[in-house]
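Trainee: Below: one structure in structure tokens.
Rule-based calculations on the coordinates, nothing more; no lab input. Predicted, not measured: the structure shown is a model, and the values here were computed from it. Methodologically, a virtual Cβ is constructed for each residue, glycine included, from the backbone with ideal geometry; neighbour enumeration extends over all protein chains shown.
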Amino acid sequence: MLREEFTSQLKIAMKGGDKRRVETIRMITAALKDKDIEARVSGKDIGEDEILGLLQKLVKSRQESLEIYQQNARPELAEKEAEEIAIISSFLPQPMSDEDVVAAIKSAIAETGAASIKDMGKVIAALKAQHAGKMDFGKASGLVKAALAG
């Protein structure tokens, strides 16, 4: 579904003459092709959740670059990164609110029967299976750890 969305949005951007959007969507499809090649070697197919994960990584790397450019007074490069973040984020589902994240963590802990920090991997795996692309797993892992610790 996302692959078709990339293709249709690329066509729209090309017809509209939106160079930044065309460049960004082409960058996304190139990263996706790399991921496909990587998956082909291991004999797996790329699912929607893995595509969402790829998009999240792309956003994260651009956010890091944006911060560096802002610190080094490079507004033209910072603007480019901010535009790319907005374009990539348009393909991601709305992120979960903090309350929803806490509720999902409680639910995942109950589902997996997690009782200690040793079970953290099970809980994170359950969260990734249910909420890929919607949850910041960096923040969620800290919350899971705190919930399991006490």
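Trainee: What is the distance, in nm, between label points placed 7 Å from the Cα along the Cα-to-Cβ direction at K145 and at K19?
Mentor: About 4.5 nm separates the two model spin labels.
Trainee: About the Cα centre of the range 98-149, how large is the charge dipole given +1 on each Lys and Arg Cβ and -1 on each Asp and Glu Cβ? Please answer in debye to the nearest 20. Let's see the in-between values first.
Mentor: Details: 7 positive and 6 negative charges, 43 e Å.
Dipole magnitude for the range 98-149 comes out near 200 debye.
Trainee: Toward the positive end of the charge dipole of the range 23-98, about the Cα centre and with charges on Cβ (Lys, Arg +1; Asp, Glu -1), which of L58, T29, I85 goes farthest?
Mentor: Selected residue: T29.
Trainee: Quick one: which of K44/K134; K15/K134; K35/K106; K11/K60; K60/K128; K60/K106 span more than 28 angstrom between C-alpha atoms?
Mentor: On the way: K44/K134 23 Å; K15/K134 31 Å; K35/K106 32 Å; K11/K60 26 Å; K60/K128 17 Å; K60/K106 26 Å.
K15/K134; K35/K106, as the Cα separations exceed 28 Å there.
Trainee: A follow-up question, please. Identify the residues of the range 1-40 with backbone N under 16 Å of a label point that sits 7 angstrom from the Cα of E48 along the Cα-to-Cβ direction, or state none.
Mentor: The answer is 1-7, whose backbone nitrogens lie closer than 16 Å to the label point.
Trainee: Run the numbers for S116 and Q70: contour at 0.36 nm per residue of separation, minus the present Cα-Cα distance, in nm. Could you put the intermediate results ahead of the total?
Mentor: Numbers: separation 46, 0.36 × 46 = 16.56 nm, distance 4.12 nm.
Full-extension gain reported as 12.4 nm.
Trainee: Another one. If you place +1 on the Cβ of every Lys and Arg and -1 on the Cβ of every Asp and Glu, how big does the dipole about the Cα centre of the chain come out, in debye to the nearest 20? Please report the intermediate quantities before stating the final value.
Mentor: On the way: 23 positive and 24 negative charges, 54 e Å.
Roughly 260 debye, rounded to the nearest 20.
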